Every structure is written in C-alpha cells, then in structure tokens.
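For reference, the structure discussed in these notes is given below.
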C-alpha cells in the first residue's frame with residue numbers, strides 16, 4: 001500500500017474510533033446489528049444443514065444488512081470479502097471468470113456453481129447479473145460435487161432473495177455516482193392470509209463508461225441494464241411452494257483492452273502503447289428469462305423436495321478480435337440457449353445419530369450458436385496470404401479475389417453449431433453423529449453426454465499468379481461446406497468424506513477434516529472452427545495441413561482430489577467468530593485457455609497434464625465495542641504446474657496464470673447512535689481489499705504485483721430511510737485485472753479508478 005493510501009486509512013480509523021466513547025454511553029437496540037456473523041441458514045436452503053458453521057466446510061456468509069449497507073446488487077460486488085476467491089471485472093458481462101484456490105478458466109465451464117433461490121444457473125454468462133433485495137449470499141469453498149454435481153469443483157455460490165413471507169412493504173432505491181452512473185429500483189412485498197406471499201421488483205441501471213477508445217475518442221464501455229422479478233410463496237402445514245420468475249436485459253460496450261506492445265520487434269507498435277485503439281465496435285447484449293419452482297413436503301420421517309427450473313438466454317457478442325486500428329478480423333457470436341433441470345431431494349427428519357440425504361438430478365440443454373469470423377483487407381494479407389505465399393510449393397504467388405481485384409477486401413468464415421447436452425445423476429450422503437464426533441460419507445454417480453452438430457462454410461475465390469509472365473493468372477473459386485456430428489460422454493464417480501469434532505458442548509468450536517473429488521465437464525472449442533476453415537482453405541491452396549477436427553476442438557474433463565483441514569471458532573457471547581482452513585489439491589487435466597499461435601483467430605481450451613495447489617484461509621469478525629465491528633479475511637494459494645508442455649516449452653514448476661497468490665479484506669464499521677426524532681444513527685465504514693501477485697502467462701514473465709484498494713462510506717439511517725455516501729479505490733490506485741496475447745500482441749485491462757456516489761433507500765412498511 002502506498003503512502004497516500006496509508007494516510008487515508010489512518011484518517012478513517014481515527015474517525016471511527018472517535019465515536020467509541022460516545023457509543024458506550026448511548027446504547028441502542030439497533031447498534032448491535034453491525035455484527036455480521038450470522039450462523040443459521042433459513043429453511044429456504046434445501047441441501048445444506050441448518051447451520052453452516054457446524055458443517056465440515058469452508059463457508060462465508062454475507063447477510064442482508066451487510067449487503068444493503070454496501071449497496072450490493074451483483075455477486076461480483078462482494079467477492080473481495082471471500083478468501084482465495086477472485087472474480088475480476090473485465091471485458092463484459094459475458095466474461096464471468098472465477099478463480100478459487102488456483103483453479104479457474106476464462107471460457108466455457110466454470111469451476112464454481114451458482115444458485116439463486118435454490119435454482120442453479122445453467123451458464124456462467126449469467127453469473128454477472130444484477131439482483132435486487134438479496135437476503136444473503138453463501139459461498140461454500142472446496143468441491144461440492146456430491147450435492148451439486150458438475151462444475152462445482154471449487155465451490156458453490158448460493159444467493160437467496162428476500163421472502164414476502166418474512167418481509168412486507170415497499171422498498172425504493174436510487175443511486176448516482178461517478179461517470180454519470182445511476183440505478184433506480186422498486187419492489188413490493190405482500191402477505192395474504194398468512195399462507196400466501198407475493199413480491200414484485202424491477203430495476204434499471206446505466207453508466208457512461210470508464211474507458212475511451214482513442215480511435216474515435218468514444219467511451220467504449222457504456223452500459224444499460226434492467227431486470228424484473230416476481231416471487232410467489234405458499235406455506236400450509238407440511239407443504240411449501242416457491243416460484244420465482246425472472247427477466248433481465250443488458251446492452252453494453254466493453255472490452256477496453258489496452259495495447260502494451262509485442263515481444264516481436266517487427267510487430268511492436270510504439271505509437272499504440274498505453275492506448276485502447278480499435279476500429280470496429282465491441283458490444284455485448286443479453287436477454288435472459290428463468291422460472292424456478294420449488295416444492296417441499298414434510299412427511300413424518302423425511303422431507304421430499306423438488307426443484308424444477310427452466311432458463312432461456314439469448315446473447316450477442318461483437319468483437320474487434322485484433323483490438324488494433326486496422327481491419328484484421330472480427331467475431332460476431334450469437335447464442336440461443338434453453339435449459340431444463342429437475343432435482344428431487346429426500347432428506348431424513350430424524351435428529352438422532354444417523355441422518356441421510358439422497359437425490360436424483362437430470363438436465364437437458366439445447367443451444368444454437370452462430371459465430372462468423374470476418375477478415376478484412378489487413379487480415380487477409382497478413383494472416384492468410386503472407387503465410388501461404390511464404391510456404392506454398394506453387395511457383396508463383398496468390399492474391400485474394402479475382403483477376404480484377406473484386407472480392408479482395410473481405411473473407412467470411414461462417415460457423416454454426418447445434419449442441420445438445422444432457423445428464424443424469426444420483427447422489428447420497430450419510431451422516432453419523434456420535435457424541436461430539438460427526439462423520440459424513442457422500443457419493444455421486446454422474447453421467448453427462450454432449451453432442452454437437454457443426455457446419456462451417458465459406459464461399460470466396462483467389463487468383464494464382466505464376467512467376468512466369470508468359471502464363472496467365474488463374475482465378476479459383478472456393479466453396480467449402482463442412483459439417484459433422486461430434487459426441488462425447490463422461491461418467492463420473494464423485495466420493496466425499498469428512499470427520500469433525502466439537503470442542504465444546506455447545507458446538508461453537510469445532511475441527512474438521514475432509515477429502516473429496518471434484519469434476520469439471522469436458523466439451524468442444526467452438527471458437528476454433530474458424531481455424532479449421534482456414535486450414536481447409538490452405539490445404540486447397542496447396543499448403544498441406546493435417547486437419548483432425550475432434551483433436552483440435554475437443555478437450556477433456558478436469559478432475560481434482562482435495563484434502564482440507566479446518567475449523568470454526570466462536571466465543572459464548574458471540575462477540576468473536578473465526579474460520580480457518582488449510583488445503584491441498586491435486587488436479588489432473590486442468591483446463592486452461594490459450595491462444596494456439598500468432599496467426600490463430602480463436603481461443604481454445606487445453607488440458608494441462610497435472611497441477612497442484614496448497615494454501616490457507618482465515619476469516620474473522622470481532623465486536624471490539626458495543627458499536628464497533630472489525631471483520632477481515634486472508635487467503636494464500638500456491639498453485640503450480642507439475643506437468644505441462646505447450647508449444648515445445650515445459651512449464652513444470654511455474655505458477656498457474658490468473659490465480660492470485662494472496663487475497664485480503666479488512667473492514668471496520670463504527671455505529672454512532674443519535675438522540676433525534678428524524679435520524680437514528682450514523683454508520684462509518686472503511687475497508688481495504690487486495691489481491692496479488694497474479695501471473696498473466698504460463699512463462700510467469702508478466703504479472704500484477706499485490707495491490708490494495710481503499711474504500712469508505714458514511715451512512716445516515718432513519719426508521720424508514722437511509723442515505724449513503726461512498727467511494728471505492730479512494731487513492732486512485734492503478735492496477736491490472738486482465739492480460740492476454742493475440743496475434744503476437746499483448747493487451748491488458750486496467751482496474752477501475754476512483755469512483756464515488758450517493759445512494760438513497762426508502763422503506764414504506
């Protein structure tokens with residue numbers, strides 16, 4: 001942390017502590033709710049135990065009051081509070097990458113699952129979605145495959161929204177902040193005849209953007225978004241029914257990637273260094289809708305629950321894929337997805353020594369994708385013709401278009417995909433309680449099959465110009481239309497085991513040991529099919545290349561084997577709680593995102609042979625005084641390749657890219673009650689978050705050092721209203737959140753600068 005940041009932090013600490021003496025003499029029933037350690041999970045959680053801090057799992061819980069005070073409206077807003085969790089904000093809302101304990105990827109399947117009101121989100125593109133009135137967020141770290149299945153090998157995020165059966169009234173919110181950003185939302189919660197609850201909420205948000213494209217001096221990351229949600233709940237005796245219907249839309253610019261040079265002196269562009277400069281617009285748009293129905297019935301000895309969900313997503317991404325001011329090539333990807341899932345859960349009601357849970361899960365997903373890649377004049381010349389003319393056995397040169405030059409300035413490589421993905425699983429967990437000891441054994445049998453029908457095509461022509469001037473040029477028509485069906489199936493055996501012991505009779509302090517297997521599904525690299533077309537085109541032009549579509553475009557599942565030792569601790573009066581754990585992970589076929597070579601037009605997923613990761617996590621909350629709360633977390637991860645060779649280079653012993661070695665969060669909150677008829681209290685908050693070092697590539701020659709960000713807030717609260725003044729990155733620290741290489745050029749995205757704003761909330765009961 002730099003000197004300026006330390007001065008800001010010291011100032012806020014002095015301000016916070018200055019209210020302690022006053023607070024001790026003015027106790028108020030509202031001051032105690034600054035303590036954010038809430039253990040119990042409401043009955044809305046179907047699969048977990050009733051108290052997460054009594055389970056053998058590393059878990060973080062962020063409660064509704066904490067989320068409201070910080071103005072949280074998306075999961076990524078609070079990820080810095082979770083040790084060893086990194087969700088960088090870059091690109092657009094489709095780039096929802098999550099890294100946990102050294103695991104994570106930028107594209108395709110995530111390592112962390114996410115549910116909203118018990119309904120799993122089908123696609124990670126939906127993870128970065130605005131949500132209203134969040135009641136709590138839980139993050140369970142470590143493999144959760146036994147209960148949640150695929151793509152939860154590093155954890156699961158459970159989001160629960162406010163219930164109309166526990167809260168009634170109207171909630172209004174308005175925000176205004178830096179870069180002309182604003183958000184307005186309204187929600188209404190109603191209860192009828194004690195059995196029925198119904199809520200409706202809507203939100204609209206926009207901002208002008210943070211980064212300028214120097215090509216035309218436009219703000220390249222503007223955004224408009226909105227969402228709508230209704231929730232219906234019914235409770236009658238043993239029967240519970242919940243149904244949530246949600247709709248969201250987002251339209252944004254994005255991808256503010258800054259050019260930082262090229263390791264190849266012949267390609268280096270000094271005039272572009274430090275600039276965002278591309279000639280084609282980069283945009284992302286998404287429309288999503290979902291409906292989730294949860295039904296639960298309590299029988300005499302067990303509970304039967306059903307979670308049925310349908311999700312629809314239609315998104316469109318347009319990218320200037322070279323991110324340079326010349327017209328190399330662009331990608332326009334359109335995707336329409338339908339996903340249906342069903343989960344039946346049986347759970348024992350006995351509080352005796354033996355307890356159990358069993359379930360059956362199935363899903364079906366249908367997706368249509370169109371991903372045409374369009375080459376412009378510069379791309380045709382530099383990426384295709386120069387390469388072909390340098391290596392072709394033809395005695396002459398090739399030129400695009402016909403003999404008169406028609407059709408020389410554009411080449412369209414069209415790719416279309418129809419994917420059907422389905423799976424079924426059966427799972428069980430047995431729990432044995434023997435006094436202070438608790439043993440748990442879980443098992444999941446999971447089968448998944450993915451089928452993809454692809455169609456790639458291009459219609460163009462080129463001219464062969466012989467070196468002998470007496471011979472006439474020849475124009476050759478190209479008509480490639482290639483299609484096939486690729487299919488893969490995966491059967492997984494996913495066991496888990498844990499043992500825990502209570503260190504006191506009340507169960508406030510415990511130690512646990514757990515071992516489990518994690519799993520992330522395999523699939524196909526759809527972005528590599530333009531490369532397939534290029535290779536077929538080059539082969540037709542005499543530059544013979546091997547084309548194995550399945551080998552080039554498919555990747556294998558990823559498996560992890562995890563061992564964790566941890567504990568939950570707390571004092572009798574609840575003024576101090578802490579969680580700590582150490583872990584070791586062996587990962588086989590870890591999935592990594594790479595760019596194959598300088599002339600490739602796509603990213604691809606590949607499998608590293610073997611990696612390992614170990615580290616530690618600690619989080620704690622302490623009430624230092626009646627109205628003063630300190631909370632914090634720290635995570636350390638050491639994740640390295642044990643076996644990985646790419647491009648003829650052995651990266652064994654190097655750190656895994658994009659996974660921070662350290663993560664830090666510290667927050668101090670001081671509540672100052674007022675003796676006033678119109679204001680109840682003032683809440684001062686100051687926080688520091690940090691992450692790093694983050695290595696950007698397998699060679700580990702580029703990285704982001706550890707950085708720390710300072711944030712602060714002042715909140716005034718009345719009985720039915722609250723006003724917040726807030727700022728983030730108060731010291732305007734410069735840091736990077738993303739790096740990649742494309743066509744031999746290097747790009748990165750900077751983190752957001754100093755931002756601040758005003759938030760007003762009104763509750764009408």
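Please indicate, with yes or no, whether at least one residue in region 230-240 is part of a loop (DSSP other than H, G, I, E, B) and buried (at least 16 other Cβ atoms within 10 Å of the Cβ).
Going through region 230-240, the residues part of a loop (DSSP other than H, G, I, E, B) turn out to be 237-238.
With buried (at least 16 other Cβ atoms within 10 Å of the Cβ) added as a condition, the list becomes none.
Looking through region 230-240, none of the residues is part of a loop (DSSP other than H, G, I, E, B) and buried (at least 16 other Cβ atoms within 10 Å of the Cβ).
Evaluate the following for residue 113: is it under 11 Å from the mean Cα position of the chain (by Cα), buried (at least 22 other Cβ atoms within 10 Å of the Cβ), modelled with pLDDT of 80 or more and within 30 Å of residue 166 (Cβ to Cβ)? Let's see the steps before the verdict.
Numbers: under 11 Å from the mean Cα position of the chain (by Cα): yes; buried (at least 22 other Cβ atoms within 10 Å of the Cβ): yes; modelled with pLDDT of 80 or more: yes; within 30 Å of residue 166 (Cβ to Cβ): yes.
Against the criterion (under 11 Å from the mean Cα position of the chain (by Cα), buried (at least 22 other Cβ atoms within 10 Å of the Cβ), modelled with pLDDT of 80 or more and within 30 Å of residue 166 (Cβ to Cβ)), residue 113 qualifies.
Kindly indicate whether residue 631 is buried (at least 20 other Cβ atoms within 10 Å of the Cβ), under 22 Å from residue 704 (Cα atoms), touching a strand residue (DSSP E or B) at 6+ places or on another chain (Cβ under 9 Å) and modelled with pLDDT of 90 or more. Reasoning before the result, please.
On the way: buried (at least 20 other Cβ atoms within 10 Å of the Cβ): yes; under 22 Å from residue 704 (Cα atoms): no; touching a strand residue (DSSP E or B) at 6+ places or on another chain (Cβ under 9 Å): yes; modelled with pLDDT of 90 or more: yes.
Here the answer is no, as residue 631 does not meet what is asked.
Inside region 668-681, can you point out the residues that are touching a residue at least 60 places away in the same chain (Cβ under 8 Å) and either in contact with a strand residue (DSSP E or B) (Cβ under 8 Å, 6 or more places away or on another chain) or assigned to a strand (DSSP E or B) (or both)?
First, the residues of region 668-681 that are touching a residue at least 60 places away in the same chain (Cβ under 8 Å): 668-673, 675, 680-681.
Of everything in region 668-681, those that are touching a residue at least 60 places away in the same chain (Cβ under 8 Å) and either in contact with a strand residue (DSSP E or B) (Cβ under 8 Å, 6 or more places away or on another chain) or assigned to a strand (DSSP E or B) (or both) turn out to be 668, 669, 670, 671, 672, 673, 680, 681.
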- So is residue 214 within 30 Å of residue 163 (Cβ to Cβ) and within 30 Å of the chain's Cα centre (by Cα) or not? no
- Of the residues that make up region 695-710, is at least one surrounded by fewer than 16 Cβ atoms within 10 Å (Cβ to Cβ), within 22 Å of residue 76 (Cα to Cα) and modelled with pLDDT of 95 or more? yes
- Query: Any residue at all in region 304-312 that is within 30 Å of residue 454 (Cβ to Cβ) and touching a residue at least 40 places away in the same chain (Cβ under 8 Å)?
  - Reply: yes
- Task: Could you tell me whether residue 748 is buried (at least 21 other Cβ atoms within 10 Å of the Cβ) and either without any contact (Cβ under 8 Å) to a residue 40 or more places away in the chain or in a strand (DSSP E or B) (or both)?
- Result: no
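Somewhere in region 459-482, is a residue closer than 30 Å to residue 150 by Cα, in contact (Cβ under 8 Å) with a residue 24 or more places away in the chain and within 37 Å of the chain's Cα centre (by Cα)?
First, the residues of region 459-482 that are closer than 30 Å to residue 150 by Cα: none.
No.
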- Task: Would you mind telling me which numbered condition in (1) farther than 26 Å from residue 221 by Cα; (2) touching a strand residue (DSSP E or B) at 6+ places or on another chain (Cβ under 6 Å); (3) in a loop (DSSP other than H, G, I, E, B) residue 657 fails?
- Result: (1)
- What is the one condition in (1) in a strand (DSSP E or B); (2) surrounded by 15 or more Cβ atoms within 10 Å (Cβ to Cβ) that residue 481 does not satisfy? (2)
- Note on the structure: When restricted to 138, 130, 194, the only residue in a loop (DSSP other than H, G, I, E, B), within 30 Å of residue 423 (Cα to Cα) and touching a strand residue (DSSP E or B) at 6+ places or on another chain (Cβ under 9 Å) is 130
- Message: Quick check on region 509-516. Is at least one of its residues over 30 Å from residue 653 (Cβ atoms), in contact (Cβ under 8 Å) with a residue 40 or more places away in the chain and not in a strand (DSSP E or B)?
- Response: yes
- Query: Which of the residues belonging to region 273-306 are within 26 Å of residue 245 (Cβ to Cβ) and under 20 Å from the mean Cα position of the chain (by Cα)?
  - Reply: 284, 285, 286, 287, 288, 289, 290
- Message: Among the residues of region 493-505, are any under 26 Å from the mean Cα position of the chain (by Cα) and outside any strand (DSSP E or B)?
- Response: no
- Could you tell me whether any residue of region 275-294 is surrounded by 16 or more Cβ atoms within 10 Å (Cβ to Cβ), in contact with a helix residue (DSSP H, G or I) (Cβ under 8 Å, 6 or more places away or on another chain) and farther than 21 Å from residue 131 by Cα? no
- For region 682-696, what are the residues that are within 28 Å of the chain's Cα centre (by Cα) and assigned to a strand (DSSP E or B)? 685, 686, 687, 688, 689, 690, 691, 692, 694, 695
- Message: Among the residues that make up region 393-409, is at least one of them without any contact (Cβ under 8 Å) to a residue 60 or more places away in the chain and touching a helix residue (DSSP H, G or I) at 6+ places or on another chain (Cβ under 9 Å)?
- Response: yes
- May I ask you to say which residue of 519, 462 is touching a strand residue (DSSP E or B) at 6+ places or on another chain (Cβ under 7 Å) and farther than 22 Å from residue 608 by Cα? 462
- Any residue at all in region 222-234 that is closer than 30 Å to residue 745 by Cα and either touching a strand residue (DSSP E or B) at 6+ places or on another chain (Cβ under 7 Å) or at pLDDT 95 or above (or both)? yes
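For region 175-191, what are the residues that are in a strand (DSSP E or B), touching a residue at least 24 places away in the same chain (Cβ under 8 Å) and within 26 Å of the chain's Cα centre (by Cα)?
Answer for region 175-191, where residues must be in a strand (DSSP E or B), touching a residue at least 24 places away in the same chain (Cβ under 8 Å) and within 26 Å of the chain's Cα centre (by Cα): 175, 176, 177, 181, 182, 183, 185.
The values are calculated or read from the model by the stated rules, or taken from the named source; none is laboratory data. Treat the numbers as computed from the prediction; the structure is a model and nothing was measured. Cβ coordinates were reconstructed from backbone atoms using ideal geometry, including for glycine residues, and neighbour counts include every protein chain displayed.
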